[in-house]
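Chemist: Input: one structure, supplied below.
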Amino acid sequence: MRTQSICLAFVVVLLCPNAPSQWVQTNGPYGGSIHCLAVTGTNLFAGTNGGGVFLSTNNGTSWTGASTGLTNTDVWSLAVSGTNLFAGTNAGVFRSTDSGTSWIAASTGLPTNANVSAFAVSGTNLF
């Protein structure tokens, strides 16, 4: 005897013409391209093309520069691991332990001027 299972799924779509918008356009950190975003606590960080890292503490309404110590301001990736914030640039990896106030090179073991365009965090490991 053969048995079959049939699953039915119902999708309900609610249309609300008077619902508020979920997105609000801002001028961004400096009007340029944003390559990546990272969040830690109430801090929102944006990595930019040539402008470095910017910090917003008010959900993106206003931004301040947070790039002191970055020797390359083309920031392609950001990652948070514990209390560390990492920035991947065209010149390797940089680490901030003070919410982007200052950065130090953290590329030990990588080729010189490695282009770091993505990170992955697993536990306390950064890939």
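Taken together, the values in this text are just the output of simple stated rules run on the coordinates, not laboratory data. Quick caveat, the model's predicted, so the values are computed rather than measured. So basically every Cβ, Gly included, is an ideal-geometry build from the backbone, and we count neighbours across all protein chains shown.
Chemist: Once you have the Cα-Cα distance between HIS35 and THR112, take 0.36 nm times their residue separation minus that, and quote the gain in nm to one decimal.
Modeler: On the way: separation 77, 0.36 × 77 = 27.72 nm, distance 2.20 nm.
So the extension gain works out to 25.5 nm.
Chemist: If a/c stays under 1.5 just call it rounded; otherwise compare a/b with b/c (prolate if a/b is bigger, oblate if not). Do that for segment 80-119, with a ≥ b ≥ c from the square roots of the Cα gyration tensor eigenvalues.
Modeler: Prolate is the answer for segment 80-119, as a/c is 1.5 or above and a/b outweighs b/c.
Chemist: Could you rank the peptides 58-66, 118-126 by their average count of other C-beta atoms within 10 Å per residue, with the highest value first?
Modeler: Values: 58-66: 14.7, 118-126: 11.2.
Going from most to least packed, we get 58-66, 118-126.
Chemist: Classify segment 30-127 as rounded, prolate or oblate, taking a ≥ b ≥ c as the square roots of the eigenvalues of its Cα gyration tensor: rounded when a/c is under 1.5, otherwise prolate if a/b is larger than b/c and oblate if not.
Modeler: Numbers: a/c = 1.75, a/b = 1.27, b/c = 1.37.
Cα axes put segment 30-127 in the oblate bin.
Chemist: Right, something else. Under the rule a/c < 1.5 gives rounded, and otherwise a/b versus b/c splits prolate from oblate, where does segment 61-106 land using the Cα gyration tensor? Walk me through the numbers before you get to the answer.
Modeler: Values: a/c = 1.45, a/b = 1.12, b/c = 1.30.
Rounded.
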